[in-house]
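A quick write-up on the structure given underneath.
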Amino acid sequence: CCGPDELSLDISRCEVLNASNPAALAAVLGGGGELRSDCDEQLLITIAFPSAVKLHSIVLEGPGSAPDEIRLFLNRTAMGFDDAEAEEPLQALPLDEARRSGAPLLLQYVKFQNVSTLTLFAPSNQEESEVT
């Protein structure tokens, strides 16, 4: 139904935890910029929509230090790292070089029908370095 340019975000409710440059989140969500983790390789990003949406795919791009996996959680408004590590994600997306090249990554569409917030957890990165 909707292309990526047609989805609107509630930027004031979007957030990133453990980023060295959290102000870059708005640019990243707009298709530019780059996020980097701060004190370890983990990142936790919450994307909020003004009303519920249906998602069929997401697009991720990143350098060699990009996440090696993204775990997706739905409609969580106050998720922390302990929650993300302990809970089962709705879907996990392994990210090799081909899958983080900007091509759409298909989601399990039936599970993403009523999305108010999408939380992406990056537990580690490709290079096993301290910065993602």
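The values are calculated or read from the model by the stated rules, or taken from the named source; none is laboratory data. Bear in mind that the values here come from a model prediction, so they are computed numbers and not experimental data. Cβ atoms come from the backbone with ideal geometry, glycine included; neighbour counts cover every protein chain shown. The area values use the complete protein model at the heavy-atom level, side chains included, leaving out ligands, DNA and RNA. Shrake-Rupley method; radii C 1.70, N 1.55, O 1.52, S 1.80 Å.
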- In the stretch 70-90, the residues that are outside any loop (DSSP other than H, G, I, E, B) and surrounded by 16 or more Cβ atoms within 10 Å (Cβ to Cβ): 70, 71, 72, 73, 74, 84
- Which numbered condition residue 22 fails, given (1) farther than 18 Å from residue 124 by Cβ; (2) touching a residue at least 24 places away in the same chain (Cβ under 8 Å): (2)
- Check residue 60 against each of (1) at pLDDT 90 or above; (2) in a strand (DSSP E or B); (3) surrounded by 16 or more Cβ atoms within 10 Å (Cβ to Cβ) and name the one condition it does not meet. (1)
- Matching entry among 9, 25, 44, 35 (being of a type outside the set (Phe, Trp, Tyr), part of a loop (DSSP other than H, G, I, E, B), open to solvent by less than 70 Å² (accessible area, probe 1.4 Å) and at pLDDT 90 or above): 9
- Message: What's the total number of residues in the stretch 47-57 that are surrounded by fewer than 17 Cβ atoms within 10 Å (Cβ to Cβ) and not in a loop (DSSP other than H, G, I, E, B)?
- Response: 4
- Task: Could you grab me the full set of residues in the stretch 91-124 that are in contact (Cβ under 8 Å) with a residue 24 or more places away in the chain, open to solvent by 20 Å² or more (accessible area, probe 1.4 Å) and either basic (Lys, Arg) or under 23 Å from residue 50 (Cα atoms) (or both)?
- Result: 99, 100, 104, 106, 109, 111, 113, 114, 116
